[in-house]
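The values are calculated or read from the model by the stated rules, or taken from the named source; none is laboratory data. Keep in mind that what you see is a predicted model, and the values were worked out from it rather than measured. Positions of Cβ are generated from backbone atoms using ideal geometry, with glycine treated the same way; all protein chains shown enter the neighbour counts. Protein only, heavy atoms only, side chains kept; ligands, DNA and RNA dropped before computing areas. Shrake-Rupley method; radii C 1.70, N 1.55, O 1.52, S 1.80 Å.
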Amino acid sequence: MIDLRSDTVTQPTQEMRWAMSEAPLGDDVFGEDPTINRLEEYVAELLGKEAALYAPSGTMTNQIGVFVNTARGDEVLLHEGAHVFIFEAGGPALLSGVQVRTLPGEGGRISRETLRGAVRPKDVHFPRSRLLCLENTHNTAGGRVYPLEDFASVASEARELGLKVHLDGARLFNAQAATGIPAREWCEHADTVSVCSSKGLGAPVGSLLAGDAETIGEARRARKAFGGGMRQAGVIAAGSLYAFEHHVERLAEDHERAKKLADGLRGAGYGVAPPETNIVLVEVAEPARFLEVLAREGVLATPMTGGTVRFCTHLDVRDEEVEAAIEAASRVTADALEPRG
Ligand SMILES: Cc1ncc(COP(=O)(O)O)c(C=O)c1O
């Protein structure tokens, strides 16, 4: 099977496994795991923040980000396609007691004007607008980069309006690879930032939340309350550290392959938006039927919002697999467009 469903499906490389097997370990709830301490320092430095906190998943680091920036009854503003809103099982309501308000915007972006129009006046009737969540790259928008200028603009508007800013940077290093702009430049405009090692960077587990030392201290407490305090977890964190040290540069290869895949699928007659990073969104008449037929041809992709399917390139996809996927999709075109029967 050629698995293009997600960049989360990768296997750890042999070198990563060695790094994991040799990692020095301690009890991280006591702050004594040397590998986790090194990883947290490394990522804080990389993102230009005072401190960082290791957690099992990007969902957890996003949800801790929401928790530390809000109080019960507050309102969180985010894009209608945001991962925090759609794919995190209602976490903001469940874990932080906040309500979310979704905003429209092209390509996962929110304009200053849209934000300004949505923030509630200070009045006893209204929830307090407290936090803006932004996502870069934007998953449901097809891996689109949030242009730095637009990001800085909406974030400065948020600050003027008295809001905090959280960045869901699950694929922030894809934005860096696509533009050459260091990830930390986006982070300057956010109070808290979540980054994942288990997406394009290829680690089996692990995300980090970065911010100022006081906020990350609070986040450490929240992680314990959410059940994410782990003990000798350096054994998995070593995979994350290896990924940040060795797999950031190579993300550009995934982007090249995504472009090849998009060109090939377009050549085979599909409607495909030009990819900016490692995600290719393809329009098909019947997504479920298409995916079923494509799977029989040995290729896996995943349904997305809005009648598209998502193909994602990653560490375990080589040029040969891209070519084979294009051939498989070419074979199913006619079949997938025919009505079921
Ligand atoms: C944009 C975005 N944010 C957050 C997450 C959550 O990460 P995890 O699966 O580690 O909880 C994902 C996962 O795919 C994602 O795509």
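Some observations on this one:
- Restricting attention to region 15-71, the residues being within 24 Å of His166 (Cα to Cα) and not in a helix (DSSP H, G or I) number 12.
- First in region 117-130 and more than 13 Å from Gly162 (Cβ to Cβ), second anywhere and open to solvent by less than 80 Å² (accessible area, probe 1.4 Å) and part of a loop (DSSP other than H, G, I, E, B), Cβ under 7 Å, 6 or more apart: Phe126/Arg120; Pro127/Gly73; Pro127/Asp74; Pro127/Arg120
- Of the residues screened, Leu46 is one that is in contact with a helix residue (DSSP H, G or I) (Cβ under 9 Å, 6 or more places away or on another chain) and open to solvent by 10 Å² or more (accessible area, probe 1.4 Å).
- Scanning region 111-140 for residues that are more than 13 Å from the ligand (Cβ to nearest atom), touching a helix residue (DSSP H, G or I) at 6+ places or on another chain (Cβ under 6 Å) and open to solvent by less than 10 Å² (accessible area, probe 1.4 Å) turns up Leu115, Leu131, Leu132.
- Listed by first and then second residue, the pairs linking a residue in region 147-170 that is within 14 Å of Glu185 (Cα to Cα) to a residue that is of a type in the set (Phe, Trp, Tyr), with Cβ atoms under 6 Å apart and 6 or more places separating them unless they lie on different chains, are Phe151/Trp186.
- Residue match in region 158-170 (condition: over 15 Å from Leu78 (Cα atoms) and open to solvent by less than 50 Å² (accessible area, probe 1.4 Å)): yes
- Among the residues listed as Ser57, Ser96, the single one being more than 11 Å from the ligand (Cβ to nearest atom), touching a Ser or Thr at 6+ places or on another chain (Cβ under 7 Å) and within 24 Å of Gly206 (Cα to Cα): Ser96
- Enumeration of residues in region 203-230 that are at negative phi and assigned to a loop (DSSP other than H, G, I, E, B): Ala203, Pro204, Val205, Asp212, Phe226, Gly228, Gly229, Met230
- The single condition among (1) within 14 Å of the ligand (Cβ to nearest atom); (2) of a type outside the set (Ser, Thr, Tyr); (3) at pLDDT below 95 that Gly269 does not meet is (1).
- Scanning region 256-273 for residues that are in contact with a helix residue (DSSP H, G or I) (Cβ under 6 Å, 6 or more places away or on another chain) and not in a strand (DSSP E or B) returns Arg257, Lys260, Leu261, Gly264, Leu265, Ala268, Gly269.
- The residues on offer are Gly107, Gly143, Gly91, and the sole one that is open to solvent by 10 Å² or more (accessible area, probe 1.4 Å) and within 16 Å of the ligand (Cβ to nearest atom) is Gly107.
- Cβ-Cβ distances below 7 Å connect the following pairs, each with a first residue in region 316-331 that is at negative phi, a second residue that is among the small types (Gly, Ala, Ser), and a separation of six or more residues or different chains: Ile326/Gly264; Ile326/Ala268; Ala328/Gly298; Ala329/Ala268; Ser330/Ala268.
- If you go through region 302-329 and pick out every residue that is within 17 Å of His138 (Cβ to Cβ) and at pLDDT below 95, you end up with 4.
- The set of residues in region 231-248 being open to solvent by less than 50 Å² (accessible area, probe 1.4 Å) and in a helix (DSSP H, G or I) consists of Gly234, Ile236, Ala237, Ala238, Gly239, Ser240, Leu241, Tyr242, Ala243, Phe244.
- Criterion (under 26 Å from Val280 (Cβ atoms) and open to solvent by less than 10 Å² (accessible area, probe 1.4 Å)) met by exactly one of Cys187, Cys196: Cys196
- In region 4-29, the residues that are farther than 10 Å from Ala238 by Cβ and open to solvent by 30 Å² or more (accessible area, probe 1.4 Å): Arg5, Thr8, Val9, Gln11, Thr13, Gln14, Glu15, Val29
- Top-ranked residue of region 60-88 - restricted to ones that are over 14 Å from the mean Cα position of the chain (by Cα) and among the charged types (D, E, K, R), ranked as nearest to the ligand (Cβ to nearest atom): Glu80
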